[in-house]
1. Identify all residues within the stretch 35-86 that are of a type outside the set (A, V, I, L, M, F, W, C) and not in a helix (DSSP H, G or I); write none if there are none.
2. Can you go through LEU16, LEU24, LEU80 and tell me which one is surrounded by 10 or more Cβ atoms within 10 Å (Cβ to Cβ), more than 21 Å from the chain's Cα centre (by Cα), among the aliphatic types (A, V, I, L, M) and at pLDDT below 95?
3. Against the conditions (1) outside any helix (DSSP H, G or I); (2) more than 21 Å from the chain's Cα centre (by Cα); (3) not β-branched (Val, Ile, Thr), where does ALA5 fall short? Just the number, please.
4. Considering only the stretch 66-77, state which residues are touching a helix residue (DSSP H, G or I) at 6+ places or on another chain (Cβ under 8 Å) and surrounded by fewer than 10 Cβ atoms within 10 Å (Cβ to Cβ).
Amino acid sequence: MPTLAPIKVSEETDALVSHTAHFLTKSKKSVVEDAVREYIDNHRDEINGAVRDALAQLDGSRGAAVAMLADIDESELDDLGGVPKA
């Protein structure tokens, strides 16, 4: 059996999920799982594009990774003192 990981949603979203589950005679878990899978399927090209963009920013260096995580370019990171070479 897979490990369950709780997620937090707003009360409004929880109510929507509860009503949907009730009227479709499904569990709330099933409604959420179906919705997430459908969302990902419908946005797969956008998600893959974002992954490709992120990978294109990385050159394997620690500086590139830090710059990407900080949402700055490497020249800005250098202006801030850079990242020590390890």
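1. HIS43, ASP59, GLY60, SER61, ASP71, ASP73, GLY81, GLY82, PRO84, LYS85
2. Working: LEU16 fails: at pLDDT below 95; LEU24 fails: at pLDDT below 95.
Sole residue among the options that is surrounded by 10 or more Cβ atoms within 10 Å (Cβ to Cβ), more than 21 Å from the chain's Cα centre (by Cα), among the aliphatic types (A, V, I, L, M) and at pLDDT below 95: LEU80.
3. (2)
4. Residues of the stretch 66-77 that are touching a helix residue (DSSP H, G or I) at 6+ places or on another chain (Cβ under 8 Å), as a first pass: 66-68, 70, 73-74, 76-77.
Selection gives nothing.
The values are calculated or read from the model by the stated rules, or taken from the named source; none is laboratory data. In this text the structure is predicted, and so the values were computed from the model without any measurement. Cβ coordinates were reconstructed from backbone atoms using ideal geometry, including for glycine residues, and neighbour counts include every protein chain displayed.
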